[in-house]
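Coordinate-derived values only; no laboratory data. Predicted model only: the values in this text are computed from it and were never measured. Quick reminder, even Gly has a Cβ in these numbers, built from the backbone with ideal geometry, and neighbours come from all protein chains shown.
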Amino acid sequence: MKKIIFFLIFAVSLSYGQDLDSLKVIEIPRSYADRVGKPFRVAEDSLYLFRTSEVYLVNVKSFEALTNVYLSTLDQNKMTKDLIEKYTKTLSRNIDLERKLKINFRASDSLDLEVYKRTQTTLTNTQRALDYTINSLEKASTSLEIVDKNAKRQRRKSAFEKILFAIGGVGIGVLVGVSL
């Protein structure tokens, strides 16, 4: 019985094997999974033997849609790459401008500091000049007060002397008139 079952299995496998050979079996190798490029085109009445782990069947319309998506992705990658390059250039230019701006600010700060120092010196000198002028004005005011007092005293003195001369003249005139 074992021999009959073995013979039957052998005969079936031979007849099945002969059918496959007569139908032209197309073998898809394992390396097809790593292949880059267009996929194989499958003919209508052919048998295929796939050695790859997975197979994706796609009709013509889906294949064209996937191809269009792939090509637009490539274009977007180029656009993205160009955009990144432009952004990098802009960023490096902005960094250079920022560095130059910092240098200008430092130079401006040093100029502002120099102007501030000179302004402080001028302000100090102006304050000294004002103090000297105020002192001079106070001395002049004091001198004018002294001169004014002396002038008033001199006027009073001269008026008093005139009155004394007048009284003396009258007295001498009376004495001379009485003695004569």
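Just a few scattered comments:
- Magnitude of the charge dipole, the range 111-180, Cβ model with Lys/Arg +1 and Asp/Glu -1, debye to 20: 380
- Distances between placed amide hydrogens fall under 5 Å for residue 50 paired with 28, all partners being 5 or more residues away or on another chain.
- Counting only alpha carbon atoms, the long axis of helix 60-179 and the longest principal axis of the chain meet at about 0°.
- Cα centroid of the range 37-51 to Cα centroid of the range 126-140, whole Å: 111
- Between the residues 68, 135, 172, the greatest Cα displacement towards the positive end of the dipole of the range 31-180, with unit charges on the Cβ of Lys, Arg, Asp and Glu, is found for 172.
- Exposure rule at most 13 other beta-carbon atoms within 10 Å, DSSP loop GluC sites (Glu not before Pro): the chain longest free segment: 55-180
- Dipole magnitude for the chain: computed about the Cα centre from +1 point charges on Lys and Arg Cβ and -1 point charges on Asp and Glu Cβ, it is near 1340 debye.
- Fewest-first sequence of 52, 80 by Cβ atoms within 10 Å of each Cβ: 80, 52
- A simple count of charges around residue 163, restricted to other residues whose Cβ falls under 12 Å of its Cβ and scoring Lys, Arg +1 and Asp, Glu -1, yields +2.
- Selection from 33, 91, 110, by position along the positive dipole direction of the chain (Cβ): 110
- Whole-Hz Karplus values for the range 32-44 come out as 4, 5, 9, 6, 10, x, 5, x, 5, 9, 8, 7, 5 Hz, taken residue by residue from phi with 6.51 cos²θ - 1.76 cosθ + 1.60 and θ = phi - 60°; glycine and proline positions read x.
- The chain: radius of gyration and largest Cα-Cα distance (Dmax), Å: 62.8, 209
- Take every Cα pair under 8 Å whose residues are at least 6 apart in sequence, average their separation, divide by the length of the chain, and the relative contact order is 12 percent.
- C-alpha long axis of helix 2-22 to longest principal axis of the chain, angle in °: 60
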